[in-house]
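K.L.:
Have a look at this one before I ask anything.
Laboratory data are not the source of any read-out in this text; all were calculated from the coordinates shown. For clarity, every value in this text was computed on a predicted model and none was experimentally measured. Here Cβ is always computed from backbone atoms with ideal geometry, including for glycine, and neighbour counts include all displayed protein chains.
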Amino acid sequence: MALNYDEIVRKYEKYIFQTYTRQPIAIKSAKGALVTDVDGKEYIDCVAGIAVNNVGHCHPAIVEEIKRQAEQLIHVSNLYYIENQALLAEELAGISGMDRVFYCNSGAEAVEGALKLARKASGKKEFIATEHAFHGRTRGALSVTHKEKYRKPFEPLAPAVFVPYNDTEAIRSAITENTAGLILEPIQGEGGVIIPSDDYLKEVREICDDKDVLLILDEVQTGFGRTGKWFAREHSGIIPDIMTTAKAMGGGFPMGAMLAHEDVAANFVRGDHASTFGGSALACAAALANIDVIKKEKLVKRSHDMGNYLVQKLHELNKDYILEIRGKGLMVGMELSIKCEDIVADAREKGVLLNCTSESVLRFVPPLTITKQQLDTVVSVLNGI
Ligand SMILES: *Cc1c(COP(=O)(O)O)cnc(C)c1O
């Protein structure tokens, strides 16, 4: 027997850690850019599982491949060779410009791997990260995550210094003989969809080359077409030493990866790092199907086009509380002069799911398959608030 909303919430209150602030709906099913709650109410989803469902919810090709693979092989561990890992690695090298991949299961785990690799490769201990950066909640990833509220109760963390984002001089002066690497997002996601100036990453790359510091690009949120490129690094043309990705990698199935340049990757030798579930046959099948859908449906280009359309429509909104609209592809932020909580609640009532980040930035990261009509509806709902 299916539970109703209240019954579900009661069990959460009794049995589940109270670590999340959840929206007051229980989602039952989803398809494309639409999700349906347990009461049968439908919503246009501009959150997409936090920039995860780039190909849309329950894409038939991914569902089919997960079913097929589940009947063949789900998991055997990395004590053996798995065909799907080999096929996926070659695909990832092709779309990312990186040489080697280490498979894991989440963004934070990819960041942990990146930090460990940078320490081993450099023989140094400290990291430089940026203000408002978000890299995950495990201890290593948290040590380079900026928000005081996330960090404070868990200190001491690993040594890190924070410099303002989009400020190359600050990076130059923060580098010391103990600096193992610099980690940053090509566009800050949780920090409020912050887009750096066009030449920022190029200059960062030059500084890192110049000072012999490893550059880790965290593409966990920006990967797999989200910003109108396969990976956001392409906007600047740079190649990092180490790259992390996760969120949209498996088409909704949990999957992450840490990728590196050959000379850096060579520093990890047998036994240096591992993950029981990393790169399971099932996860790799989902990721392969996901990449295939993105290619076949030309979703990278679509992200670029629909992102431009959304930004243009948002600019037509005549609201005095809108401070700035910024975006690359379908990673769009609308900064408000007020907290966005109430707008998120109103939009939800009217059938649109939105996410608020940094308290006053409405973040739009819908499936890349979202239609113009759906985006029109989203904007008209905002117009009516
Ligand atoms: C979401 C996110 C992470 C953490 O990913 P999890 O899968 O939640 O561990 C790390 N880095 C960035 C840039 C992210 O957006």
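K.L.:
Counting other beta carbons within 10 Å of each residue's own, what order do Thr369, Thr176, Thr357, Thr145 fall into, fewest first?
P.N.:
Placing the least packed residue first, the sequence is Thr176, Thr357, Thr369, Thr145.
K.L.:
OK, next. Using θ = phi - 60° and the Karplus form 6.51 cos²θ - 1.76 cosθ + 1.60, what ³J(HN,Hα) does each residue of the stretch 153-167 get, whole Hz, x for Gly and Pro?
P.N.:
Using θ = phi - 60°, the values come out as x, 10, 6, x, 9, 5, x, 8, 10, 10, 10, x, 5, 6, 9 Hz.
K.L.:
Here is a further query. Over 19 Å, how big is the tail of the calculated P(r) for the stretch 1-145, in percent of all Cα pairs?
P.N.:
For the stretch 1-145, the share of Cα pairs beyond 19 Å comes to 72 percent.
K.L.:
If you don't mind, there's one more thing I want to ask. Just to check, using Stokes-Einstein with a Kirkwood Rh over alpha carbon pairs, what's the diffusion coefficient of the stretch 1-78 at 4 °C and 1.567 mPa s in µm²/s?
P.N.:
86 µm²/s
K.L.:
Using a Förster radius of 22 Å, what is the FRET efficiency between Leu323 and Lys350 based on their Cβ-Cβ separation? Nearest 0.05, please.
P.N.:
0.45
K.L.:
On to the next question. Just for the chain, what percent of DSSP beta bridges are antiparallel, to the closest 5?
P.N.:
Within the chain, antiparallel bridges account for around 65 percent of the total.
K.L.:
Moving to a separate point now. Take every Cα-Cα pair in the stretch 216-283 and report what % of them are more than 19 Å apart.
P.N.:
That tail contains 40 percent of the Cα-Cα pairs.
K.L.:
To continue, here is another question. Determine the gain in length on full extension of the stretch Asp199-Ala2; use 0.36 nm per residue of separation and subtract their C-alpha separation, reporting nm with one decimal.
P.N.:
Here the segment from Asp199 to Ala2 would lengthen by 65.6 nm.
K.L.:
Then there is this: Nearest-5 percent of antiparallel DSSP beta bridges in the stretch 188-300?
P.N.:
Counting DSSP beta bridges with both partners in the stretch 188-300, the antiparallel share is about 60 percent.
K.L.:
Hey, another quick one. Could you tell me the convex hull volume per residue, in Å³, taken over the Cα atoms of the stretch 160-234?
P.N.:
In the stretch 160-234, the Cα hull volume divided by residue count equals 92 Å³.
K.L.:
How big is D, in µm² s⁻¹, for the stretch 214-373 by Stokes-Einstein at 20 °C and 1.002 mPa s if Rh is the Kirkwood radius over C-alpha pairs?
P.N.:
The estimated diffusion coefficient comes to 122 µm²/s.
K.L.:
Lone cysteines in the chain, going by a 4.7 Å Cβ-Cβ cut-off?
P.N.:
Cys46, Cys58, Cys104, Cys208, Cys284
K.L.:
Please compute the length gained on full extension between Lys301 and Tyr20, using 0.36 nm multiplied by the number of residues separating them and subtracting their Cα-Cα distance.
P.N.:
Between Lys301 and Tyr20, full extension yields 97.7 nm more.
K.L.:
Something else now. Report the dimensions of the stretch 177-221 along its three principal axes from the alpha-carbon atoms, largest first, rounded to Å.
P.N.:
Largest first, the stretch 177-221 extends 32, 20, 13 Å along its Cα principal axes.
K.L.:
Next question. Equivalent ellipsoid semi-axes for the chain, as square roots of 5 times the alpha carbon gyration tensor eigenvalues: give them largest first, rounded to whole Å.
P.N.:
The answer is 32, 26, 21 Å, longest axis first.
K.L.:
Along each of the three principal axes of the Cα atoms of the stretch 48-118, give the extent in whole Å, ordering the values from largest to smallest.
P.N.:
39, 32, 22
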